[in-house]
Amino acid sequence: MMDDETDAGTAPCFAHHLVDGHPVDPETARDVARFRRAERARLVAARALPSEERQRATANLIDALDRVVAPRAGMTIAVYWPIRGEPDLRPWMGAAHAAGAQVLLPVVVEEHTPLEFQTWSPGCRMTRGFWNILVPADGEVRVPDIVIAPLVGVDEELYRLGNGGGYYDRTLAQLDPKPRIVGVGFSACRLPTIYPMSWDVPMSEALLSDGTHLER
């Protein structure tokens, strides 16, 4: 999604606003933004799992990724550095690298622009990027063929609710060929709909910590 943290406001002279080239009714955009903010707050709070439960849930996700993605030489896989209680897949990233896959991390180069995916390896030098998130200090830019995306929420049509900046959708919409997009999240992150807008990019599949594997 795009910057749904910002209400669209009203447009006395125009029926629609343009958001990254998409015509958007401002009242609809405002209502969807408010709904998503409320759901995001609820679902982020639900990720505050007890330590042992979190460890089990994360181990389940790692097992599922081993089966569904099965990292090997020749694969280029974008993962993520965990923030805000997201599942910590760093052990899986290390194992994927050891299996010969090229592992990438998303990097915000400039606010409100598409992400870059830069190479990562265990022990590589890291630095603080936007919002103080760690990113590779000397990573090379690559294009992933698989993107592992963290879920705040996921709906029945496999549209992803993220942290609200719109970076994944903005990035995935421009990649050609489109990568395989695998969302990962804890089992409480499902919801009926995020009320997808014209800029939202659906995922190929989603893996949840209770063993659920959703596919389009």
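For the range 101-216, with every protein chain kept in place, what is the accessible area per residue (1.4 Å probe, Å²)?
On a per-residue basis, the range 101-216 sits at 44 Å².
Determine the share of the chain's accessible area contributed by carbon and sulfur atoms, expressed in whole percent, with a 1.4 angstrom probe.
That share works out to 51 percent.
Just for the chain, what percent of DSSP beta bridges are antiparallel, to the closest 5?
55 percent
Per 10 Å bin, what is the whole-percent P(r) computed from every C-alpha pair distance within the chain?
Spelled out bin by bin, the chain gives 8, 33, 37, 17, 4, 1 percent.
List the relative contact order of the chain as a percent without decimals, with contacts defined as Cα pairs under 8 Å and 6+ residues apart.
It comes to 23 percent, rounded to a whole number.
Relative contact order, percent, of the range 112-216 when contacts are C-alpha pairs under 8 Å separated by at least 6 residues?
The value is 27 percent.
Along each of the three principal axes of the Cα atoms of the range 55-148, give the extent in whole Å, ordering the values from largest to smallest.
35, 30, 24
Suppose only helical runs count, i.e. DSSP H with n ≥ 4. What mean residue ellipticity at 222 nm does that imply for the chain under -39500 (n - 2.57) per run, divided by all residues and rounded to the nearest 500 deg cm²/dmol?
-8000 deg cm²/dmol
To the nearest 0.05, what FRET efficiency results for Arg42 and Ala70 with a Förster distance of 35 Å applied to their C-beta separation?
Efficiency, from the Cβ-Cβ distance: 0.55.
The values are calculated or read from the model by the stated rules, or taken from the named source; none is laboratory data. Remember, predicted model here, so these are calculated numbers, not experimental data. Here Cβ is always computed from backbone atoms with ideal geometry, including for glycine, and neighbour counts include all displayed protein chains. The accessibility values were calculated without ligands, DNA or RNA, using every heavy atom of the protein model including side chains. Shrake-Rupley method; radii C 1.70, N 1.55, O 1.52, S 1.80 Å.
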